[in-house]
Amino acid sequence: MIAPIMIPDPGDPEAKIAGRNVARSDAGGRSRAAGDAGAVATRSGRRSARRVLPGFGLSLGYTLVYLCLIVLIPLSAAFFKTAQLTWPEFVAVVTAPRVMASYRLTFGASFGAAAINTVFGLLVAWVLVRYRFPGRALVDALVDLPFALPTAVAGIALAGLFSANGWFGSLLVPLGITVAFTPLGVLVALTFIGLPFVVRTVQPVLEDLPRELEEAAATLGASRWECFRRVVFPIVLPALLTGFALAFARAIGEYGSVIFIAGNMPMVSEITPLLIITKLEQYDYTGATAIAVVMLVISFTLLLAINALQAWTRRRQGALT
Amino acid sequence: MRWLLIAAALAFLTLFLFVPLAFVFYEALKKGIGVYVAAISDPDALDAIRLTLLTAAIAVPLNLVFGVAAAWAIAKFSFPGKNVLTTLIDLPFSVSPVIAGLIYVLIFGLQGWLGPWLREHDIRIIFAVPGIVLATIFVTFPFVARELIPLMQAQGTEQEEAATVLGASGWQTFWRITLPNVTWGLLYGVILCNARAMGEFGAVSVVSGHIRGATNTLPLQAEILYNEYQFSAAFAVASLLALLALVTLVLKYFVGRRAVDRQHSAGHAP
């Protein structure tokens with residue numbers, strides 16, 4: 001059907017659930033196999049006539065109608081609205097200097113934040129999987145805080161902490177490091193909201209990693225660092241990239257946690273989502289929508305890239321077991 | 001080495017997670033419990049709480065029904081385009097919340113597709129409660145579906161087929177076989193969906209119009225108070241949302257564990 005080759009499910013299903021709130025990162029290998037098993041029942045005859053279970057038409061029909069009404073038709077509105085512009089007009093709007101400056105900040109800070117989270121996310125995942133220490137379960141549960149905490153709350157908390165008289169700000173400002181109301185503030189906010197992605201994509205892979213591999217490498221004389229670099233890292237790499245891409249994708253659209261700490265100065269610390277809102281408030285619907293379309297196209301491309309990365313993660317993991 | 005790594009990881013998490021969380025409660029309670037209580041029992045704050053609860057009470061059940069329907073179609077049947085459909089269901093997660101709000105303005109706003117018609121009939125959607133609900137439904141759209149689809153796929157169709165062959169109706173099969181098998185996964189999705197529905201800021205901010213006592217949800221109320229330099233009140237409102245986040249994490253932890261146990265016992269049946 002969908003997957004030409006049946007992939008044996010890597011490990012037990014339980015490891016998957018823990019990480020799945022981040023990404024539909026797993027269970028795919030198994031689920032496709034299950035889907036195919038279902039298909040066997042229907043393969044012998046004409047499709048609809050041989051379906052044993054009822055409710056296919058109703059459930060699929062409802063799904064499609066609801067999907068169109070809530071998601072697809074409203075999203076298409078953005079593209080139709082932008083189609084009113086000619087191509088040169090569109091290019092002029094989306095490449096204006098203020099807009100370009102916002103792209104640079106949004107994508108630069110998102111990339112930086114995702115990179116920080118890749119390094120520290122791997123570290124946190126490693127520590128949570130490999131070591132036992134007091135409070136580990138609590139720390140593990142709290143890693144998801146940025147998913148659960150409303151972005152506006154994160155925004156005002158970070159802005160308060162890093163303002164000149166806040167807990168962090170009062171330490172950093174005398175050193176000449178101003179975080180609040182600068183691009184650095186954007187980086188801090190995006191690091192906060194992207195924090196769980198890498199941890200939650202890497203964690204299940206590390207849990208499933210057969211210990212024998214490392215033991216074998218150690219027996220063959222590899223140092224611990226070589227062991228990590230040559231054995232663990234290549235296995236974790238697809239998940240690490242997936243986590244990076246998820247954190248990056250989330251960061252470029254982020255609004256609530258950033259605007260309080262960013263200062264929002266045009267050309268300096270104004271992110272693209274805020275620019276869309278600014279244009280809306282000036283009743284420049286066409287301009288706002290044109291920029292939104294650029295962001296949508298980039299987001300959709302990232303979504304496809306993430307899907308491909310997740311498929312790679314599953315294959316890499318499947319090859320191990 | 002081991003303790004060094006643990007210390008580095010904990011230092012990072014402390015700086016970026018625990019301190020900001022503690023800071024919210026510290027600021028909220030800094031001026032005493034009296035100020036705190038006054039801030040959250042302010043009429044505008046109470047209206048914001050009511051609207052937040054109402055929004056979640058509409059958005060979560062709608063997305064729950066959708067999630068179950070989508071999972072039933074995708075997990076129990078095979079049809080062409082299934083992968084595309086699954087990707088499309090995830091689409092709202094990759095759309096910026098600001099754009100989620102914007103697209104509804106393009107449809108229901110005064111200059112939008114339905115704007116003139118809505119004005120003739122005196123129906124307000126943008127800058128009113130329906131717009132807030134719609135934007136919230138959009139941003140929480142995939143939560144239940146993406147929990148249920150892999151879970152129901154993993155469980156296969158044998159049990160349902162057996163029930164049907166034994167003469168159970170479609171609804172009987174669903175209520176007695178499918179639903180009990182996925183209860184915990186479903187709850188898990190609902191908890192995440194609810195947290196996002198109550199905490200959504202960007203999308204709601206675009207369509208709300210920030211009318212106090214009428215179209216302000218809790219996150220918007222926190223924003224307004226903060227921008228007016230009423231920091232204690234802003235953090236008091238924010239602390240309610242932070243509490244919601246903590247409750248969500250606790251529920252998620254326990255429900256997640258039950259879901260794992262459940263799948264462990266049910267998933268190995270075939």
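The values are calculated or read from the model by the stated rules, or taken from the named source; none is laboratory data. Since the structure is predicted, the reported quantities are computational estimates derived from the model, not experimental observations. So basically every Cβ, Gly included, is an ideal-geometry build from the backbone, and we count neighbours across all protein chains shown.
General observations
- When each of B:53, B:118, B:88, B:110 is tested for being closer than 17 Å to residue B:139 by Cα and either more than 10 Å from every other protein chain (Cβ to nearest Cβ) or not in a helix (DSSP H, G or I) (or both), the lone residue that passes is B:53.
- Selection of helices (runs of 4 or more DSSP H) fully inside the range B:159-270 by the criterion of at least 2 residues being farther than 20 Å from residue B:64 by Cα and facing another protein chain (nearest Cβ under 10 Å) returns B:202-208, B:218-227, B:231-267.
- The residues of the range A:241-258 that are part of a helix (DSSP H, G or I) and closer than 14 Å to residue B:96 by Cα, listed by number, are A:246, A:247, A:248, A:249, A:250, A:251, A:252, A:253, A:256, A:257, A:258.
- Some residue of the range B:176-196 being farther than 21 Å from residue B:256 by Cα, in contact (Cβ under 8 Å) with a residue 40 or more places away in the chain and more than 13 Å from the chain's Cα centre (by Cα): no
- No other residue among B:59, B:38 is surrounded by fewer than 16 Cβ atoms within 10 Å (Cβ to Cβ), more than 10 Å from chain A (Cβ to nearest Cβ) and over 21 Å from residue A:259 (Cβ atoms) apart from B:38.
- The helices (runs of 4 or more DSSP H) found wholly in the range A:130-240 and carrying at least 3 residues that are within 8 Å of chain B (Cβ to nearest Cβ) and in contact with a helix residue (DSSP H, G or I) (Cβ under 9 Å, 6 or more places away or on another chain) occupy A:136-142, A:145-148, A:151-162, A:183-208.
- For the range B:67-85, a residue qualifies if it is in a helix (DSSP H, G or I) and either of a type in the set (Lys, Arg) or over 16 Å from the mean Cα position of the chain (by Cα) (or both), and the qualifying residues are B:69, B:70, B:71, B:72, B:73, B:74, B:75, B:76, B:82, B:83, B:84, B:85.
- Per the listing B:73, B:69, the residue uniquely within 12 Å of residue B:144 (Cα to Cα) and free of Cβ contacts under 8 Å to residues at least 40 places away in the same chain is B:69.
- Residues of the range A:285-308 satisfying the condition of being crowded, with 22+ Cβ neighbours inside 10 Å and within 23 Å of residue A:247 (Cβ to Cβ): A:291, A:292, A:295, A:296, A:306
- The set of residues in the range A:74-103 being among the β-branched types (Val, Ile, Thr) and surrounded by 14 or more Cβ atoms within 10 Å (Cβ to Cβ) consists of A:82, A:93, A:94, A:99.
- For the range B:62-79, the set of residues classified as under 29 Å from residue B:209 (Cα atoms) and either of a type in the set (S, T, N, Q) or within 10 Å of another protein chain (Cβ to nearest Cβ) (or both) consists of B:62, B:63, B:66, listed by residue number.
- Here residue B:46 meets the list (1) within 22 Å of the chain's Cα centre (by Cα); (2) surrounded by 14 or more Cβ atoms within 10 Å (Cβ to Cβ) almost entirely, failing just condition (2).
- Scanning the range A:67-88 for any residue that is out of contact with any His (no Cβ under 7 Å at 6 or more places or on another chain) and closer than 30 Å to residue B:13 by Cβ turns up nothing.
- Hey, residue B:33 surrounded by 15 or more Cβ atoms within 10 Å (Cβ to Cβ) and more than 8 Å from chain A (Cβ to nearest Cβ) or not: no
- Residue among A:302, A:309, A:320 that alone is within 10 Å of another protein chain (Cβ to nearest Cβ) and either modelled with pLDDT of 90 or more or out of contact with any His (no Cβ under 9 Å at 6 or more places or on another chain) (or both): A:302
- Out of B:102, B:64, one residue alone is crowded, with 24+ Cβ neighbours inside 10 Å, aliphatic (A, V, I, L, M) and either in contact (Cβ under 8 Å) with a residue 12 or more places away in the chain or part of a helix (DSSP H, G or I) (or both). It is B:102.
- Residues that are more than 8 Å from chain B (Cβ to nearest Cβ) and either among the aromatic types (Phe, Trp, Tyr) or in contact (Cβ under 8 Å) with a residue 24 or more places away in the chain (or both), drawn from the range A:62-79: A:79
- Matching entry among B:149, B:107 (being at pLDDT 90 or above and either surrounded by fewer than 19 Cβ atoms within 10 Å (Cβ to Cβ) or over 19 Å from the mean Cα position of the chain (by Cα) (or both)): B:107
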